[in-house]
1. What does the convex hull of the alpha-carbon atoms of the stretch 89-156 project to on average, in nm²?
2. Can you give the Rg/Rh ratio of the chain, where Rg is from the C-alpha atoms and Rh is the Kirkwood radius?
3. Which residues does a label at residue 65 reach in the stretch 1-28, if reach means a backbone N under 16 Å from a point 7 Å past the Cα toward the Cβ?
4. At what distance in angstrom do the alpha carbon centres of the stretch 146-168 and the stretch 108-133 lie from each other?
5. Could you tell me the calculated FRET efficiency between residue 113 and residue 20, based on Cβ-Cβ distance and R0 = 41 angstrom, to the nearest 0.05?
6. Could you estimate the translational diffusion coefficient of the stretch 175-216 from the Stokes-Einstein equation, with Rh from the Kirkwood formula over C-alpha pairs, at 4 °C and 1.567 mPa s, in whole µm²/s?
7. Can you pull the three principal axis extents for the Cα set of the stretch 13-88, in Å, largest first?
8. Just to confirm the number: angle between the C-alpha axis of helix 113-125 and the first principal axis of the chain, 0 to 90 degrees, nearest 10?
Amino acid sequence: MKLKIKNISFSYDSVDALKNISFEAEEGEILGIIGPNGSGKTTLLKCINRVLKPKEGVVMLDDMDLSVLNQREIAQKIGVVPQQSFSQFPFTVFDIVLMGRYPYITRFGGEKKEDFDMVEECLNLCGISHLAERLIIEISGGEYQRVIIARALAQNPKVLLLDEPTLHLDINHQIELLELLKSLAKKKNLIIIMVSHDLNLASRFSDKILILKEGKIYRAGLPEEVLTPQIIKEVYGIK
């Protein structure tokens, strides 16, 4: 399974945010996306997920053009973990993860045994089965991120998109979370694409790195190839 991004361009009104972006991501691997603020990282994730419609280019999952799918069908193939935003509603952890089954639940059908079984599996995969009956407003930031990842996994996706998943976490929880993602990529044969501002963690946990600058791909390749002192200086304007 491959995710193929071909010549994606996107503009906010007349301002170009992405310019002719092309790359591939493979199952079982983590692709880390880095770059300065405003370089187009989050916009790229939204174009992949079809929340934003590119003005040019296509997103292919193997030989399927995702533009022909509706949002429910896309949600069966792509799970999203957005930048951290805590829920203010007193749902249980189990209920939050069950929300990930919405692409499969018909309007009048309600949840089925297979939906509850999937929730149990995802809670177990993310190491949070013991939190199932806890209220989401009562758990820690690190636990919360695992819940949101479990919710995305409950969609049974082929692709997992994460926008700065370690934001606001201390270093121990950052490493634990990224080790979880590394494990999930292998266990579930997921294509994982992760935006990160932490170059050290991106280098350590990504199989490949994509560097964006001013809406364009500046470099792409193995971490040791593209995260050199010279390239970092050029991209981030460090003197």
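1. Details: hull surface 17.3 nm².
Here the figure is 4.3 nm², rounded to one decimal.
2. Details: Rg = 17.9 Å, Rh = 18.4 Å.
Computed over Cα atoms, the ratio is 0.97.
3. 4-9
4. So the separation of the two Cα centres works out to 15 Å.
5. On the way: r = 47 Å, r/R0 = 1.14.
With R0 = 41 Å, the Cβ-Cβ based efficiency is 0.30.
6. On the way: Rh = 11.3 Å.
The calculation lands on 114 µm²/s.
7. Here the Cα extents, ordered largest to smallest, are 37, 32, 28 Å.
8. Helix 113-125 sits at roughly 60 degrees to that axis.
Each value in this text was obtained by applying a stated rule to the coordinates, not by laboratory testing. Since this is a predicted model, take the numbers as computed values, not measurements. With ideal geometry, Cβ positions are generated from the backbone for all residues, glycine too; neighbour counts draw on all protein chains shown.
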